[in-house]
Amino acid sequence: MNFKDQVNADAVARDSLEKLGYKQEMTRSRGLVQILFMTLAIMAVPFGLATPIATSLIGGGPAVMIWGWILVSVLTQTLALSLAEICSKYPTSAGTYYWCYRLASPRTRLLSSWINGWLTVVGSWTADLSVKFATAQLVVAGVGIYYSEWDATALQTYMIFLGVTAIASIFCIFLNRLLPTIDIICACWTGLGIIVISICLLAKAAVGRHPASFALGNFDPSFSGWTPGWSFFIGILPPAYTYSGIGMKSVTNMAEEVYNPSEILPKAITWSIPISALSGILFLLPILFTIPDVDTLLQVSSGQPIGVMFTLIMGSRAGGFGLWFIIFGIGMFCSMSTSCISSRATWAFARDKAIPFHRCFSKIGPYFGDVPVNAYALSTVIQVLLGLVYLGSSAAFNAFAGVAVMCLGASYAMPIAISLMDARRDMHDAPFNLGSFGTVINAVAVLWIMFVTVLFSMPAVIPVTMWSMNYASVVFGGFGVISATWYMINGQFYYRGPPIQEDSTSSSGSSDSALH
């Protein structure tokens, strides 16, 4: 896009945003390539599949890993299509809680947008937290390649997490203008990394090569204690986490920094799933054909067997460390992107007066360009405080990853379900339209999210102990109580929902014409 086209696109986007009720405050600097690469950077497929690989091994092993990935990819595509359709009509950084307000009836829209907004913000915070902490645990695994006798304490892991957070913050605050370029570098790093890992694993295979019947069909549910059917679903937790939506969420939260968002955002959302699915298959297959003994991997004391797995397959510590470093690099890139997104989600909700001290957290600049520094600081401080839970209980802390998936999933499902209950009347004029297939696609997406919510509430292994217990539902409920309490104290008196400048011709929005 040349300079003249950028200016024209920026003017059109600015007018469209004003029609949605907002003023342009961010600088539009991202086109389709940049926003698509950012989405792929946040999904970080090799990182998302590698760091929780122990769960897939517990759930059944190779068959679960490959076929579960394909199944989750197909189901997630229905969610991507559904979100792309709504996003094309309402392209704003407010995202799903704005959509709920525009799609719901006048009687329920205020509460719907409040609930959705808090789901979005909490989901963004906990997703960002889980990515950074997984990167910290990955560092522990990398050190373990050369110092296998070292068993990191909870405090040491927490300090590494703080280091990861600090590095991500430096890039997001002081080098914000470089982030689109960094996202492109990340995509290239990921693509080349998958190729390098695949070639190295297949070439070395120091512990032997497995036949296709094993790589594609071996299924052993004995490690989980569940029945074979449910054990398979436990094994698809890593693919569901990888697609947990933070990638798709990033697209909507960055809407006000994208040229021509009504056209570009739906493309980025829908294209990201098949690209991620293919990259995941290319990453998994070499591992499945060369994977070491599962018992050995599950006995790693840190619970993070990726370093040991690469070392055994490569037959040397240097080789294992080299492949580990590729995954670590993806994790760092992902941490930068998720940090950026969580700050935007916080800023957008504060802009609509739904967060305590909203005037402070909705400010942008003036010393760091168009970075919402106050919102970034709030997001980071909350994550640092939540990270302290790890010092008391790693099991309770691990629930935050599940909470991220549950919160973000629920925030996606709400506007889709509201649209479905209104017979999709608001979507007839969406620029990206699903047509006659819309009802089926929307229904599958909502049902999938409902199932994932239940899945992430279940323990990975039985019988359940205090260490294997899944506390995600407890943490999810705790955040819900906090949100409800703040609504009773403040929200019901001051929160008026997103601003609406003009009627959008929606069937439920006949009273939207006044700016509030």
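Details
- Between 0 and 90°, nearest 10: helix 373-387 axis offset from the chain longest Cα axis: 40
- On full extension, the segment bounded by Leu298 and Thr108 gains 63.6 nm, given 0.36 nm per residue less the C-alpha separation.
- Selection among Pro415, Ile313, Ala206 by position relative to the dipole of the chain gives Pro415 as farthest towards the positive end (Cβ unit charges, Cα centre).
- For the chain, the longest principal axis of the C-alpha atoms and the axis of helix 32-43 are separated by about 50°.
- Compared with the alpha-carbon gap, the fully stretched path from Ser148 to Phe357 is longer by 70.5 nm at 0.36 nm per residue.
- Full extension of the chain segment joining Ala206 with Met469 gains 91.1 nm, where the gain is 0.36 nm per residue of separation less the Cα-Cα distance.
- Efficiency of FRET from Cβ geometry, Arg177 and Ser316, R₀ 41 Å, rounded to 0.05: 0.50
- Compared with the dominant principal axis of the Cα atoms in the chain, helix 62-89 is inclined by about 10°.
- Per residue, the convex hull spanned by the Cα atoms of the chain measures out at 139 cubic angstrom.
- Label-to-label distance, nm, for residues given as Phe451 and Leu71 (7 Å Cα→Cβ offset): 0.7
- Point-charge dipole on Cβ atoms (K/R +1, D/E -1) for the chain, about Cα centre, debye to 20: 440
- Between Phe325 and Gln492, the modelled labels are 5.9 nm apart [label points 7 Å from Cα along Cα→Cβ].
- Peptides ranked, highest mean first, by Cβ atoms within 10 Å: ranges 119-125, 188-194, 398-404, 62-68: 119-125, 398-404, 62-68, 188-194
- log10 of Debye I(q)/I(0), alpha-carbon scatterers only, for region 78-172 at 0.10, 0.16, 0.23, 0.24 Å⁻¹: -0.48, -0.79, -1.11, -1.16
- Taking each of Lys19/Lys267; Lys132/Lys267; Lys89/Lys267; Lys19/Lys89 in turn, the alpha-carbon distance tops 18 angstrom for Lys19/Lys267; Lys132/Lys267.
- Computed over region 373-453, the P(r) tail beyond 20 angstrom holds 54 percent of alpha carbon pairs.
- HN-Hα J in Hz across region 323-339 - Karplus 6.51, -1.76, 1.60, θ = phi - 60°, x for Gly and Pro: 6, 4, 5, 4, 5, 4, x, 4, x, 5, 4, 5, 4, 5, 5, 5, 5
FYI, it's all coordinate maths here, none of it is from the lab. Just so we're clear, the structure is a prediction, and the values are computed from it rather than from any experiment. Using ideal geometry, Cβ is built from the backbone for each residue, glycine included, and neighbour counts are taken over all protein chains shown.
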